Every structure is written in structure tokens, then in C-alpha cells.
């Protein structure tokens, strides 16, 4: 029973870390990365469709993304969707769509750092909430006399070690992202 709780907790903590990776991919670092356009939705035959499903997104050079629609008729719709997104990008449309990334100013870098710190703190809070849930489950098992006090204490220590491991991973990811943001 305790092992099941720990395994479930570890799976949920891993998902929190993976979610943080996804959030960090959206934070612009001055370098072109296809994941920046992952959340852009394009109107496609009457319904909003993710850009990645209607076009191929690649990196042309360090500061330029290239978007190749699967259908030429989608050029204008994709251009408009990128402009309307809150990314602050101005695509250049020809046979393909080129999305140049403006250089980041010092102020923009600081704002991106704040956003990264906020995302990391959200991940830490999620991990701590998972720990709290598991600890509550252990206490419930103890109250129902399904486990002994020693088993509950050992389980709590194991859950705390697991929590510390994942929070350290979040801190490491944040440090790497901050360093990446401050590179000129």
C-alpha cells in the first residue's frame, strides 16, 4: 500500500516536472525554437487547429523560424494567427512564412526570467501539494490501523526524499533556463 502511494506520487511529480519543461519551452530566449509556436491556433475549415497540425515548423537560423503550410491556401490564415498570438512576432510571408525573432533587450530578459521563476515556483508548489496528499493518505492508513507507526514514519521519510529530489530537479532546470536567458 505504501509503495503504491509512493509510486503514484513519483508519477505525479514527474508530470509536474514535464509540465515545467513545456512551460520553459514557451519562454523566449532569443534563439528560435519550434515549440514557441506550439500553442498558436489556426482557423482550419471552421475549427481552430494547432499550427503544428497544418504546417511544418522548423528553424532556419538562430533567430528565424520557418513555417511551411501543408496547403498553400493556409498562408494568410497562419500569418494572421501568428500575428494575433501574444508572442509579439511579425511574420514575413512569401512561399513560406519566415518568423524573425527580435533581439531581447535587458528588460525583456529580466521579464522572461521572472516568468521562468514563476513557472518554477508553480512546479514546486505542485510537488509539495502531491507530498501533502500522500502524507494525508499515510495518516489515514495509520488511523485505520492498516499500517504501523514505524511504517508511516518510514513512508513519510521516503516521500520527503522523493519531494526533495524533484524540487532539486526543478531548481536545476530553473538555473539552466536563467543562464540561457542571460546569454547574449
**Item:** Number of positions in the stretch 57-110 that are surrounded by 13 or more Cβ atoms within 10 Å (Cβ to Cβ) and touching a strand residue (DSSP E or B) at 6+ places or on another chain (Cβ under 8 Å)
**Value:** 26
**Prompt:** Which condition breaks for residue 25 when tested against (1) over 23 Å from residue 167 (Cα atoms); (2) touching a helix residue (DSSP H, G or I) at 6+ places or on another chain (Cβ under 8 Å)?
**Reply:** (1)
**Prompt:** Looking at residue 117, is it surrounded by 13 or more Cβ atoms within 10 Å (Cβ to Cβ), modelled with pLDDT of 95 or more and assigned by TED's automatic domain parsing to the domain that holds residue 22?
**Reply:** no
**Fill in**
Filtering the stretch 7-39 for residues that are farther than 26 Å from residue 126 by Cα and touching a strand residue (DSSP E or B) at 6+ places or on another chain (Cβ under 8 Å) leaves a count of 3
**Message:** Let me spell it out: the conditions are (1) assigned by TED's automatic domain parsing to the domain that holds residue 57; (2) at pLDDT 90 or above; (3) within 23 Å of the chain's Cα centre (by Cα), and residue 88 meets all of them except one. Which number is the exception?
**Reply:** (2)
**Asked** Got a number for residues in the stretch 139-151 being assigned to a helix (DSSP H, G or I) and either within 16 Å of residue 21 (Cβ to Cβ) or in contact (Cβ under 8 Å) with a residue 60 or more places away in the chain (or both)?
**Response** 2
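The values are calculated or read from the model by the stated rules, or taken from the named source; none is laboratory data. Worth saying up front: this structure is predicted, and the values here are computed from it rather than measured. Every residue, glycine as well, gets a Cβ built from its backbone with ideal geometry; the counts of neighbours run over all protein chains shown.
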